[in-house]
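A short write-up of the structure that comes next.
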Amino acid sequence: MPRPALSLEPGCAMEDPPSTRTEAWAEGLHNANNNASPGGWPGARGGHPLAAFGSPGAKPSYLDRVVQEIVESERTYARDLRSIVEGCNGATVGAWQGYLGKIIDAEEPVLRPEQVSALFGNIEDIYELSSTLLQNLESCANDPVAVAVCFVTRSQEFAIYTQYCNNYPRWVWGTAEQGAHGWARVGMDLSPIPALSSVAALTECMRSKVQARFLRECQERLRHALPLGAYLLKPVQRILKYHLLLQEIARHFEHKAGDDYELVLEAIDTMTCVAWYINDMKRKHEHAIRQQEIQSLLLGWKGPDLTSYGELVLEGTFRAQRVRHDRALFLFDKALLITKRRGDHYVYKSHIPVRDKDGRL
């Protein structure tokens, strides 16, 4: 799939972003707020992708600067993602290849397929979404309502962040093909294999002299001030920041009534729900992994798999009377499990069924 052209740092010869295409969703919208550009929705702009603020010579308002921050930060974010996925088309292509391209094109594989899958997840899909979103934002002519519409119309697409955010901190089970596009064309085995989390895989790579040197060389070629780990964290940070940036638009919107303001509020609700959903899925994912961990460390348990008791709600310790050692408690949706610590393990002592408010198990 061809990648949208992005403006990168000096020394990277890239095409200017397309500026003549008007998105269908932009037709018919009109911003009643007083900072709308005189020409309404932009056609060909040329030059810098951001149109001038307000009328010529006018000092940009705080709202203008908020909108500019959204666009500029998305441009930086897309550029950072591109450096991971593709690199930069400079005079010497090999010197500007991204991490993924360098890994795939290596004559001798430096990283194992499961390490690549764990490290990068579906970052290529996220890069494509960010590139498209950036083109939409650059077509907004600094119009805050148009910026809000960009997020509303693409709300469903942000779900791809869930997989990435879930994979980032913990051990998961996956396949080598998840997010590591390109392994199939070099004949790698794509059968199901245990996959590390991104953090665990990076830690493993840094313990290997060969892999650590390879990653440092990639960092130097890309002229990155920060190591790979800092760039892999960016999607997690970015998806949880969109609703905060949009809240700044609403806070400084002059006319806090009417259809324009409602569109801004809808964008905030949309991205807040995205952030909430990702956080909730991440929490459930972590609880499920913790539940599996408890199961593997539990001694003397003769009952069913702990997953049959529902989600892990909370855990803690308490000291019972006439008992020498503390008890470790695990509260699930349908049962309270009482155990005793023995080294790294838990010895089963008892469990109590939990009933709902209607008295049902």
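The values are calculated or read from the model by the stated rules, or taken from the named source; none is laboratory data. The structure displayed is predicted, hence computed values, not measured ones. Here Cβ is always computed from backbone atoms with ideal geometry, including for glycine, and neighbour counts include all displayed protein chains.
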- Query: What about residue 254, is it of a type in the set (Asp, Glu) and in a helix (DSSP H, G or I)?
  - Reply: no
- Note on the structure: residue 226 fails exactly one of (1) in a loop (DSSP other than H, G, I, E, B); (2) touching a helix residue (DSSP H, G or I) at 6+ places or on another chain (Cβ under 7 Å), namely (2)
- Note: among 149, 172, just one is of a type outside the set (Gly, Ala, Ser), modelled with pLDDT of 90 or more and buried (at least 18 other Cβ atoms within 10 Å of the Cβ), namely 149
- Do we have residue 284 as farther than 30 Å from residue 65 by Cβ, exposed (fewer than 14 other Cβ atoms within 10 Å of the Cβ), charged (D, E, K, R) and in contact (Cβ under 8 Å) with a residue 24 or more places away in the chain here? yes
- Subset of the stretch 60-103 [modelled with pLDDT under 95, over 21 Å from residue 211 (Cβ atoms) and among the small types (Gly, Ala, Ser)]: 61, 90, 91
- Could you check how many residues of the stretch 242-294 are charged (D, E, K, R) and more than 20 Å from the chain's Cα centre (by Cα)? 10
